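A quick write-up on the structure given underneath.
The values are calculated or read from the model by the stated rules, or taken from the named source; none is laboratory data. Keep in mind the model is a prediction, meaning the values are calculated, not measured. Note that each Cβ is placed from the backbone with ideal geometry, even for glycine, and that neighbours are counted across all protein chains shown. Keep in mind that these areas ignore ligands, DNA and RNA; they rest on the heavy atoms of the full protein, side chains included. Shrake-Rupley method; radii C 1.70, N 1.55, O 1.52, S 1.80 Å.
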Amino acid sequence: MSTPKILILGAGYGGLVTALGLQRKLNYNEAEVTLVNKHTYHFITTWLHEPAAGTSSTEHVRVELDKVIDMKKINFIKGTVESIQPDDRTVTLADGQVLSYDTLVIGLGSEPETFGIEGLKENAFSIRSINAVRQIRDHIEYMFAKYKNDPSRTDYLTFVVGGAGFTGIEFCGELGDRIPELCEEYDVDPDLVKVYNIEAAPTALPGFDPDLIDYAMDVLTRKGIEFKINTPIKQCTKEGVLLATGEEIKAATVIWTGGVRGNSIVEKSGFEVMRGRVKVDEYLHAPGYDNVYVVGDCALIFNPEGRPYPPTAQISVQEGEYLGESLVAKLRDEVVYPFKPELLGSLASLGKGEGMGKVGNKKVYGSTAVLMKKASDLRYLYKIGGVGLALKKVKL
Ligand code: FAD
Ligand code: NAD
C-alpha cells in the first residue's frame with residue numbers, strides 16, 4: 001500500500017498548527033505531509049496592526065517556517081494555490097504544478113469583506129499580510145512628507161479607518177501612538193492631523209461588553225482618534241470617503257477594517273460557502289467530502305446557540321491542534337472525537353501600555369490586559385517555536 005498523502009494549504013494559525021501536530025505525532029512513513037504556503041514565513045497576523053502603523057517592524061511579526069518546521073518530516077512547497085479540485089483530489093498552484101492528495105486541509109485565511117461598497121477595493125488599504133502592512137506604513141509616512149511640500153493639502157494629514165471592530169480599534173491605538181512621532185519627525189503641527197474611526201453599527205465593537213467599549217473609546221479619544229459611530233461608509237474614492245449621512249471626508253489614506261470573508265479560492269473551487277467560509281461538520285469536514293478539512297478563517301462553525309463563532313486566531317489554533325490529533329487517529333483507525341471549541345476570552349491592545357478585554361467572565365483593563373495579551377502571545381509562540389521563539393518575540 002502506498003503512503004497516504006496529507007496536503008495542507010496555508011501556513012497560518014490553522015495550517016501551521018496542524019502541520020506541527022502531524023510532525024510531532026506521525027511515525028516514519030505513516031503519511032507524507034506537504035505544506036504549501038505563499039511565503040517562506042508564517043506571520044503573526046494578530047500583531048499586524050503594529051507594523052501597519054509603524055510602531056513595530058515587519059521583521060518582528062514574521063517567523064521563518066524553516067525555524068519551526070522540520071523540513072525532513074514535512075515537505076514544504078513555497079507556492080500560491082490557485083484552485084482546488086476536490087473531486088479529482090488535486091490542487092493547482094499558480095506555477096502550473098498539480099499536487100495530488102488523499103487528505104486535504106484548507107487553511108488559506110481570509111480576505112477583506114467590502115460588502116460591494118463602491119471604490120473600496122480600488123482605493124482603500126487593508127491590514128492583511130506583511131506586504132500589505134509595509135505599504136500602509138510607507139504610505140502614511142509619505143503623506144507627512146507630501147504635506148510638507150504642499151501645505152495646502154490637509155487631506156494628506158487626514159486618515160480614515162473604516163470599521164471599529166477589533167482590527168480597527170487596535171490599529172487606531174497604534175496610529176494614535178505613531179502620529180506624534182511622525183509630527184515631530186516631519187515638523188507638523190499635531191492639531192492638523194485627523195484620524196477618524198468610522199463605524200456603521202450603533203456602537204464600536206458591536207456586541208462586546210459596553211464598559212469595555214467605553215474604556216477603549218476613551219483611551220483612543222485621548223490619543224486623538226475621532227469616532228463617527230452609526231455612520232456607514234457608502235463609497236470610497238481617490239479623494240476620501242462618502243458617508244451615508246451625505247458627509248464627505250477628504251482623506252488621502254483610507255484603511256478598511258470593516259470585516260473579513262474566507263479566501264475566495266475556496267468558493268471558486270466549488271465549495272458551498274457563507275461569506276466565503278465553509279460550514280464544516282463537527283470533525284471539520286467540508287460538506288460532501290470526508291477527506292477535505294477546513295480550518296481557520298475559511299471554516300464556519302456554530303456555537304450551541306446557533307450563532308457563528310467569529311473568525312479568530314484562538315479558534316484557528318484550536319482547530320489546528322484538533323486536526324493534528326484527529327488525522328493521526330483516523331490514519332490509525334482509532335476513535336476520532338468531534339471538535340469542541342473553547343472560547344477563552346477576547347483581549348485587544350489599544351497602543352502602548354493600554355488594552356482591555358474579557359477573560360472568562362472577568363473584565364480586564366490597562367496594564368493587566370496588556371500582560372494577559374502578552375501571556376497569550378507567549379503561549380502561542382511557545383507552541384509553534386518553543387521557549388527560544390517566545391522569548392525572542394515577546395518583549396516582557
Ligand atoms: P492566516 O493566519 O491568515 O493564514 C493564512 C495563510 O495562508 C497565510 O500564511 C497566507 O500567506 C497563506 N495563503 C493565503 N492565500 C494563499 C494562497 N493562495 N496560496 C498559498 N498560501 C496562501 N484573532 C485572535 O484570536 N486574537 C487576536 O488578538 C487577533 N488579532 C488580530 C489582529 C489583526 C490586525 C488582524 C487582522 C486579525 C486578528 N485576529 C485575532 C484574527 C486572526 O488573525 C485570524 O482569525 C487568523 O489569522 C486566521 O488564521 P488562518 O489560519 O485562517 O489564516
Ligand atoms: P469585524 O467584522 O469584527 O468588524 C468590522 C466592523 O466594521 C464592524 O464593527 C462593522 O459594523 C463595521 N463596518 C462594516 N461595514 C461598514 C461600513 N460600511 N462603514 C463603517 N463601518 C462598517 O472585523 P475585524 O475587526 O476585521 O475582525 C475580524 C475578525 O478578527 C473578528 O472575528 C475579530 O474578532 C478578530 N480580531 C480579533 C482581535 C482580538 O481579539 N484582539 C483583533 C482583530 C481582529
- request: Return the long-range amide H neighbours of Tyr293 (sequence gap of 5 or more, or a different chain), with a cut-off of under 5 Å between placed amide H atoms.
  value: Leu104, Val105, Ile106, Ala286
- prompt: Antiparallel as a % of all DSSP beta bridges within the stretch 120-256, to the nearest 5?
  reply: 35
- prompt: Setting aside same-chain residues fewer than 8 positions from Lys25, which aspartates and glutamates have a Cα under 19 Å from its Cα?
  reply: Asp66, Asp70, Asp102, Glu319, Glu321, Glu325, Asp333, Glu334
message: Given contacts defined as C-alpha pairs under 8 Å and at least six residues apart, what's the relative contact order of the chain, whole-number percent?
response: 19
message: Using the crude model of +1 on Lys and Arg Cβ and -1 on Asp and Glu Cβ, and no other charge, please compute the dipole size for the chain relative to its Cα centre, in debye to 20.
response: 740
query: When you count, for each residue, the other Cβ atoms within 10 Å and take the mean per peptide, how do 156-165, 9-18, 264-273 rank with the highest first?
result: 9-18, 156-165, 264-273
statement: Charge dipole of the stretch 139-184 built from unit charges on the beta carbon (Lys, Arg +1; Asp, Glu -1), centred at mean Cα; most positive-end Cα among Tyr142, Leu182, Gly168 is Tyr142
- request: Rank-order 254-263, 300-309 by packing density, defined as the average count of other C-beta atoms within 10 Å over each peptide's residues, highest first.
  value: 254-263, 300-309
- prompt: What does the accessible area of Ser110 come to, in Å² to the nearest 10, when a probe of 1.4 Å is used?
  reply: 40
message: Quick check: the distance between the Cα centres of the stretch 317-351 and the stretch 1-47, to the nearest angstrom?
response: 14
- request: Could you pull out the trypsin sites (Lys or Arg not before Pro) across the stretch 163-259 that fall in loop regions by DSSP (anything but H, G, I, E, B) with no more than 13 other Cβ atoms inside 10 Å?
  value: Lys238
- prompt: Normalised by the number of residues in the stretch 127-254, what is the relative contact order in percent for Cα pairs under 8 Å and 6+ residues apart?
  reply: 28
message: Using alpha carbons only, how many angstrom separate the centre of the stretch 157-180 from the centre of the stretch 295-316?
response: 26
- request: Determine the gain in length on full extension of the stretch Ser129-Asp150; use 0.36 nm per residue of separation and subtract their C-alpha separation, reporting nm with one decimal.
  value: 4.4 nm
task: Within the stretch 3-104, report the trypsin sites (Lys or Arg not before Pro) that DSSP leaves as loop and that have at most 10 other Cβ atoms within 10 Å.
output: Lys72
query: What shape does the stretch 1-118 have by the C-alpha gyration tensor, where a ≥ b ≥ c are the square roots of the eigenvalues, rounded means a/c under 1.5, and otherwise prolate means a/b greater than b/c and oblate the rest?
result: oblate
message: Within the stretch 120-256, how many Lys pairs that are eight or more residues apart, or on different chains, come under 12 Å at the alpha-carbon?
response: 4
task: Out of all DSSP beta bridges with both ends in the stretch 7-91, state the antiparallel percent to the nearest 5.
output: 40
